[in-house]
Each structure stands twice: as C-alpha cells, then as structure tokens.
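The values are calculated or read from the model by the stated rules, or taken from the named source; none is laboratory data. Everything numeric here is computed off the predicted structure, so don't read it as measured data. Every residue, glycine among them, receives a Cβ derived from its backbone with ideal geometry; neighbour counts consider all protein chains shown. Calculation scope for accessible area: heavy atoms of the full protein, side chains included, ligands and nucleic acids excluded. Shrake-Rupley method; radii C 1.70, N 1.55, O 1.52, S 1.80 Å.
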Amino acid sequence: EYLRPLVVRGLEAGGTGAKDLLACENMDRGSTTFRRLLLDGLPGGAGLRDALDERMGFVDTMIARVVAKPKDPLFVLGEEYSEWTGDRHAVRGRGLLAPGADLPPDAGPSSIRTLELVDRQDRFLQRKLYIHNTGHAVFGYLGFLRGYTWIHEAARDPAILAAAAAAIEESGWAIQREHGFSEDVIRAYRQALLDKCPSDALPDEIHRVVREPLRKLGPTER
C-alpha cells in the first residue's frame, strides 16, 4: 500500500525514459504480483494504466543467496554463492541494460554486475525451486526431526545428506528433461548445494527454513 502512491506520483510527474521495477522477494513472480496489486488500486482510469505499462517494466527475478539475519543493521553478511536472474523481455527502460545493448528481444547483459537478464525466466526459477529449495527443505525437515538447530548440522549427517542428494538427483533429472538444461549444468547445480550446506561459515537456522510449511508448500508458493 505504501509503495502505490510513490509509483503513481512518478507516473504523473512525467519525465523521459522508462523505468524498471524488480521485486526482489523470494517468491514466484514477485514483480508480476506487485503489478497486479498496483493495478487493483490504481486511480486515474485507463490513461494512467496505459502509462504504467508503457513506462514501467515489472521484471520478475529469481535470487539464490543466503543472507544471515544481521545483529547490526549496518553489517550484512551474505554467502559467496550468488545467483540472480531477471526476465529480459519485461525490461522497458535502459537502466538495466549494459552499455550499447538493445532493448529486448536482443537485450545484452545487465548493467548490474550480479544480475543476468535471461530468456524464459521460468526455467531458471524452477531449476532453483526444484533443486536448491528442494534440497534445502530436505535438510530442514529431516534436520528438525533429528533435533538439529542449524542447516550445516543436518547437512553433516550422512543419512540426511544422502536423502537430500537423492531428492535433488530425481528433481534435477525432471528439470533437465523439462527445460533442456545439459546434464553437466544440472549436475554442477546440484553439487553446488551439497558443497555449501555443510559449511558453518554462515549459520542458517533450521527453524527459518521449515517455518510456515503450509504456505511454503502451497501450489502457488516456492
């Protein structure tokens, strides 16, 4: 609700050039969801709605990176592993494009070093959900049942590690078949999760991972 008036004022103010909005939430199609919520309460009739679609891109993104809950708000600690993709076909402005890049469908790499603009954002989102999120969930649920506090403790348990590896081998095969990723790419993606979870460099609480299971396991959730 508090973001809607800011967006409306920006549209009414005019100016040159289109802008892009990236809702970097750990959810499915967060930017598209924000656009729908924005339109539900947007004043000004069709004119303002047309201006919204013409001058603002709602770029769905996928982020894979663990960030610890900071004790000091000025000191944020995140893991080295990072994956951030965005739907390049939703881009409206030039701010996200690397210098010299054309607008979609020929968009080049992003001007943001860690953001990759991709075709078929859904295939990258599903690869993350059905491999990294799936493996993380197995570590979390089985670790909870065995009384562990941290994900790295669960990942160091040979039985849990084997269960997680088996789960993402099966789901990884399905993603490979569905979306055309190579076997090598999927194998490396699975291994990246299995390599990082046993590390205690960035402790991740099991309760954070397994909380709200009914929501997280819902058909429209992650």
Matching residues in segment 205-222 (hydrophobic (A, V, I, L, M, F, W, C) and open to solvent by 60 Å² or more (accessible area, probe 1.4 Å)) number 2
Within segment 68-85, restricting to residues that are exposed (fewer than 11 other Cβ atoms within 10 Å of the Cβ) and aliphatic (A, V, I, L, M), the one that is modelled with the highest pLDDT is L74
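Would you please name the residue that is modelled with the highest pLDDT, looking only at residues in segment 192-222 that are farther than 21 Å from E80 by Cβ and among the β-branched types (V, I, T)?
Kept after step one, since they are farther than 21 Å from E80 by Cβ, are these residues of segment 192-222: 206-207, 210-222.
Going one step further and asking which of them are among the β-branched types (V, I, T), we end up with 206, 210, 220.
Working: I206: 95, V210: 92, T220: 71.
Selected residue: I206.
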Out of (1) among the hydrophobic types (A, V, I, L, M, F, W, C); (2) open to solvent by 60 Å² or more (accessible area, probe 1.4 Å); (3) at pLDDT 75 or above, the one A13 does not meet is (3)
Taking first residues from segment 172-184 that are without any contact (Cβ under 8 Å) to a residue 60 or more places away in the chain and second residues anywhere that are of a type in the set (F, W, Y) and exposed (fewer than 10 other Cβ atoms within 10 Å of the Cβ), the pairs with Cβ under 9 Å that are 6 or more apart or on different chains are none
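If a residue counts only when it is out of contact with any Lys or Arg (no Cβ under 6 Å at 6 or more places or on another chain) and open to solvent by 60 Å² or more (accessible area, probe 1.4 Å), which helices (runs of 4 or more DSSP H) contained entirely in segment 137-204 have at least 3 such residues?
Numbers: elements: 151-155, 158-179, 183-196.
Qualifying helices (runs of 4 or more DSSP H): 158-179, 183-196.
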Of the residues in segment 16-26, those that are open to solvent by less than 90 Å² (accessible area, probe 1.4 Å), modelled with pLDDT of 75 or more and closer than 21 Å to M62 by Cβ number 5
| said: Please determine whether any residue of segment 91-98 is at pLDDT below 75 and either loosely packed, with under 13 Cβ neighbours inside 10 Å or of a type in the set (G, A, S) (or both). | reply: yes
Across (1) more than 27 Å from T33 (Cα to Cα); (2) in a helix (DSSP H, G or I), R208 clears everything bar (1)
